[in-house]
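For reference, the structure discussed in these notes is given below.
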């Protein structure tokens, strides 16, 4: 619905000045939307504020989950090598490859050439975890 009388926004706002913050006044913007018999500008529209808060909450939840995941991963790296957890993080991809190869070759009693190569890769990764080159 249009604002035929160019009503002022109904929201009470507080000035940023120290003394002015004691005395609220109506928002000086022209209202653009009516909610429950009150007119609001775009900034103070309760539906806009609710949607904005929901969006911000969702973004915070995603960011918080990412931070918790990173912290958990870092804590696990510290458990493996407290002196150089970043070396562990750098070797994670290599460890994944080793696990995939070991899974393919698991169960062989006689060591094949590929398995001996796998042992060499394991040694390299363990050196990386300990902080070697």
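The values are calculated or read from the model by the stated rules, or taken from the named source; none is laboratory data. Here the structure is a predicted model, which means the values were calculated and not measured. Using ideal geometry, Cβ is built from the backbone for each residue, glycine included, and neighbour counts are taken over all protein chains shown.
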Inside region 36-58, the number of residues satisfying the requirement of being at pLDDT 90 or above and either part of a loop (DSSP other than H, G, I, E, B) or in contact with a helix residue (DSSP H, G or I) (Cβ under 6 Å, 6 or more places away or on another chain) (or both) is 5
Looking for something within 29 Å of the chain's Cα centre (by Cα), assigned to a loop (DSSP other than H, G, I, E, B) and either modelled with pLDDT under 95 or exposed (fewer than 12 other Cβ atoms within 10 Å of the Cβ) (or both) - is there at least one such residue anywhere in region 59-81?
yes
Taking only region 100-125 into account, find how many residues are at pLDDT below 70 and either within 30 Å of the chain's Cα centre (by Cα) or closer than 18 Å to residue 79 by Cα (or both).
1
